[in-house]
């Protein structure tokens, strides 16, 4: 297979929330999940109501933040 | 050898044959790649490739030369972003399921949100109401009782028990909604006043909101605003003459003028008002008139004002399925109508949130993490809905149905939860059914509404797609094109959530 020279092939628009190692074993995946969850969700003790029942698509989007 | 991740999403860009956007279904990565890189990834798919949204689909020609391999640097980025993986299909699906379950377990520990239903009763008789039977079938008459102050006290005594289950103590800020029936009937005022007193007494920073038909909120004028009921959702079903055919009183009379006057009053009182427009094929063409009415009444000049559309669902026997629109159909129709009616910018499309989310990622150059949704809504993690009898439900679409009751508040102010219902509602994730588990869009979609999935498939732990793949790709493409064109994002992006 021919190799491209790579000019303009890819532009990152953001970074992945996490990067999987090339060959994660079963333990590696477990450890990584913890790291991933911490990164994606913080410490998991959020008390602010960032999302509300308005997430429900039947009563769809949230009103704007309270002034 | 690396293969293309089963969760790679290809977003074609209208008018651009040379480039494709990639989005990854569980790493949250967004990238722009050349067509040849996209072709390379498609050639490494273990399963069939996704059909494009725009243009005609043609399968790869027989004997077609394999696309050039990207450069090593590009391959590295593709791997880091998740599009190339060393995991086999089953391994990757198992990883995806564990990730989704892990995300959901964290979501279960978030702060609960509460809804109080002062009554199932309502002063309107809207034709499409999913609770219609409660007011028209006398065998449900027992439900139409108003919540008593003693029950409110009992429920507030129970809230700390619920919060303990979420690992929280001494909560100062609660999220409390009012729903019905119609929660803000004038006759409910003493009950609502008592509820507000208890809410702020027990958690001084409580955020209060209501889903109301708006007909009698003038009885609550002094309770509306940032220090009281801060946010209202009020429904209009079209311009006056059309609205008054659908949202009618029991005597058949229209409700528009009262509601419109009260919207103005609530905005003046400092409450945020979100107008919901229920749309079907019959009133779709009326939306420009609604937008003109909004502008004429000056509602849009209030910073707390917003309006959005939502498709009417065939929720009872009086609503013909053929008269309804899917979210995708409504979204596309409204997008097309905006070309001729720019005033429709005042009314959000159903998928404005999807576009806003993608736009934020493009505009901030990846400084925000993408949000991943292991479940569709808070019915699956932290919502507790209390009806007038102290019964607890997870989803307001199913309140009043004892077969799906999550539990009850005991006379002692304790909480009894039904383990089978907790299992049914609080474990529904994109990992709990095989279709979502293999879907590349699942963590962007959340699996769809459980009630609609139940109606469609006969089981709650199933998918309800609602055209999400099309909706997602179209909105990501639009967001990207507007980002590159430097078009200012719509004001509706101030919304908190994505739907």
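The values are calculated or read from the model by the stated rules, or taken from the named source; none is laboratory data. Since the model is a prediction, treat every value here as computed from it, not as a measurement. Cβ atoms come from the backbone with ideal geometry, glycine included; neighbour counts cover every protein chain shown.
A compact table of results
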| read-out | value |
| --- | --- |
| Given (1) within 11 Å of chain A (Cβ to nearest Cβ); (2) at pLDDT below 95, number of the condition residue B:229 does not satisfy | (2) |
| Helices (runs of 4 or more DSSP H) within the stretch B:420-478 that include 1 or more residues under 16 Å from the mean Cα position of the chain (by Cα) and closer than 23 Å to residue B:22 by Cβ | B:442-445 |
| Boolean, residue B:492 is at pLDDT below 95 and farther than 20 Å from residue B:92 by Cα | yes |
| Qualifying residue in the stretch B:101-110 (condition: touching a helix residue (DSSP H, G or I) at 6+ places or on another chain (Cβ under 6 Å), outside the structural domain of residue B:189 (by TED's automatic domain parsing) and part of a loop (DSSP other than H, G, I, E, B)) | no |
| Criterion: modelled with pLDDT of 95 or more and at positive phi - qualifying residue of B:214, B:181 | B:214 |
| Qualifying positions in the stretch B:364-406 - in contact with a strand residue (DSSP E or B) (Cβ under 8 Å, 6 or more places away or on another chain), modelled with pLDDT of 90 or more, within 11 Å of another protein chain (Cβ to nearest Cβ) and not in a loop (DSSP other than H, G, I, E, B) | B:383, B:384, B:385 |
| Tally, over the stretch B:232-250, of residues that are away from chain A (no Cβ under 12 Å) and in contact with a strand residue (DSSP E or B) (Cβ under 9 Å, 6 or more places away or on another chain) | 13 |
| Total residues in the stretch B:262-319, condition outside any loop (DSSP other than H, G, I, E, B), within 22 Å of residue B:450 (Cα to Cα) and free of Cβ contacts under 8 Å to residues at least 40 places away in the same chain | 1 |
| Some residue of the stretch B:135-156 being modelled with pLDDT under 90, farther than 17 Å from residue B:413 by Cα and crowded, with 21+ Cβ neighbours inside 10 Å | no |
| Residue match in the stretch B:333-350 (condition: in a loop (DSSP other than H, G, I, E, B) and within 11 Å of chain A (Cβ to nearest Cβ)) | yes |
| Failed item in (1) more than 30 Å from residue B:487 (Cβ to Cβ); (2) touching a strand residue (DSSP E or B) at 6+ places or on another chain (Cβ under 6 Å); (3) within 9 Å of chain A (Cβ to nearest Cβ), with residue B:361 passing the rest | (1) |
| Residue B:245, sole failed condition from (1) assigned to a strand (DSSP E or B); (2) under 30 Å from residue B:336 (Cβ atoms) | (1) |
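Per-residue answers, yes or no, for (1) at pLDDT 90 or above; (2) within 30 Å of residue B:398 (Cβ to Cβ); (3) out of contact with any strand residue (DSSP E or B) (no Cβ under 9 Å at 6 or more places or on another chain):
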| site | (1), (2), (3) |
| --- | --- |
| B:71 | yes, no, no |
| B:86 | yes, no, no |
| B:89 | yes, no, no |
| B:93 | yes, no, yes |
| B:109 | no, yes, yes |
